[in-house]
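Data first, discussion second: the structure below is written as structure tokens.
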Amino acid sequence: MAFQIDELTYVFLDNLISNDFNIYEYVKSIKKYIVINKVNVTILQNVSKFLNLETTYFYCSDSNQTQKNIKFGEILKIISKENYHKKDEYICKYHEEALISHLVLTMLKCISILPETMDNKEKTRIAITALFHDIGKCSCLCKIKRKDKKVTAFPFHGENGSGILLRLYN
């Protein structure tokens, strides 16, 4: 199941970043995996515009840390290429789908339950926060081998992610 939804998410993410998407097809195809009542296309278009804005991003890999200006959508593409939940390798105890799928599904679920009376600007802000809620994980990845088990951990991802989100709204 997780790998099927990951494939759908990769296509949706590319389309969302390029603002060339048919949200109804994606939602229809994932409804067997997640309950989504309604999705506001205007909010997704606002999220798409946001993903094309630039920010300063710190990226850690092995012992190297780099800082660069990058679009928010590119950060998500980095995450989607680094599938942190590979089958039979470094499993996460919270969800088996790829991190990017978890982020996108969280955003869609969040959008689907927001009150219709809420202002679109506030809905967009909440959708973006949901999409980036685990963003700190990409720079806090730690793969641990314990006897016969491989585990993925993300120490301090909440603190790192909150720093990224603070920059996002300032």
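The values are calculated or read from the model by the stated rules, or taken from the named source; none is laboratory data. Source: prediction; values computed, not measured. Heads up, the Cβs are rebuilt from the backbone with ideal geometry, glycines too, and the neighbour counts pull from every protein chain shown. These area figures cover heavy atoms from the full protein model, side chains too; ligands, DNA and RNA do not enter into them. Shrake-Rupley method; radii C 1.70, N 1.55, O 1.52, S 1.80 Å.
Each Lys or Arg adds one and each Asp or Glu takes one away; over the other residues whose Cβ falls under 14 Å from the Cβ of Thr129, this sums to +3.
Using a probe of 1.4 Å, the accessible surface attributed to Lys143 totals some 100 Å² when neighbouring protein chains are kept in position. For the set Lys71/Lys150; Lys68/Lys145; Lys68/Lys147; Lys81/Lys145; Lys68/Lys150; Lys71/Lys123, the pairs lying more than 27 angstrom apart at their alpha carbons are Lys71/Lys150; Lys68/Lys145; Lys68/Lys147; Lys68/Lys150.
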